[in-house]
1. Would you be able to say whether some residue in segment 7-15 is basic (Lys, Arg) and surrounded by fewer than 11 Cβ atoms within 10 Å (Cβ to Cβ)?
2. Which of the following residues is modelled with pLDDT of 95 or more and assigned to a helix (DSSP H, G or I): Leu220, Leu165, Leu197?
3. How many residues, within segment 109-133, are buried (at least 20 other Cβ atoms within 10 Å of the Cβ) and in contact (Cβ under 8 Å) with a residue 24 or more places away in the chain?
4. Kindly indicate which of Val189, Val170, Val201, Val154 is in contact with a Ser or Thr (Cβ under 7 Å, 6 or more places away or on another chain) and over 21 Å from Ala75 (Cα atoms).
5. Take the residues in segment 67-86 that are of a type outside the set (S, T, N, Q) and assigned to a loop (DSSP other than H, G, I, E, B); name whichever of them is nearest to the chain's Cα centre (by Cα).
Amino acid sequence: MKEKSRAKSLISEYFIFVIFIALVVVLTCLKPSFIQPANLVNILKQASINGILAFGMMFVIIAGGFDMSVGSTVAFTGILAAMLGQGQYPIFVPLIVAMLGGLAVGVVNGVGVAVGNLPPFIMTLGTMTAVRGLALLISDGKPIIGISESYKAVAASSIFGIPMLAVFLVITILLCSFVLSKTVYGRRVYACGGNLLAAQVSGINTTKIRISTFAIAGLLAGLSGFLMTSRVTIAQPTAAESYEMHETVPIEPLLPVFQEMPIPEIPNVPNP
């Protein structure tokens, strides 16, 4: 009986990986060019941007929230980066401005949810529309073109054959993994998601923690917007539509890994 239960648990935990491998095999059989290095590198570049965005969303979901505005934030910050990345400033300027723009959107979301007590879905649905409108406003509804060669090189370059976008993803994974599994802050994020009232009773400043998770999601959305503009060499105010739904999928196989991390014992106070 125990072996049967364990088998079910393993199937449930690794089911998405099995599906992924099956898809790779089927696509390779249907189109042998799918497995060619050039195509895999192209897929890796696109997946890297989605992965960075997904790790930001993961903080919000673990803390018990949800962010519907990340797609609009990517478009908005991509526009900002393109406007400042046409050669008039050093390349770090559009990067910093894009990340700060994403951070500002995240803080607004966090304050609305944690201080205003608005449901995360409702709050971020509003900012999703507002930020998308802001992207259309500052771009006059038109694509922003003419980014500098140094900006294009960010996504086009590689280190020892590894695309720079993948390097950004790996750095993001390492930082997020360390924060969630090795720091007090990471344990408090889990505590907030497990039982918010119990976390408050145990002395955790849940307001700051929840705001910070949305801020992290916004920050990484800003980074994604900067990288996406570099990759496609153009910034569209309508870019990244529905990304908020796409990013919940890559998170699912990662959650069991982080759930193994011990969290502080807190009183078993029921949710209100």
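1. Checked against the condition, which is being basic (Lys, Arg) and surrounded by fewer than 11 Cβ atoms within 10 Å (Cβ to Cβ), segment 7-15 yields at least one hit.
2. Leu220
3. 10
4. The unique qualifying residue is Val189.
5. Asp67
The values are calculated or read from the model by the stated rules, or taken from the named source; none is laboratory data. Since the structure is predicted, the reported quantities are computational estimates derived from the model, not experimental observations. For neighbour counting, all protein chains shown are included, and Cβ atoms are generated from backbone atoms with ideal geometry for every residue, glycine included.
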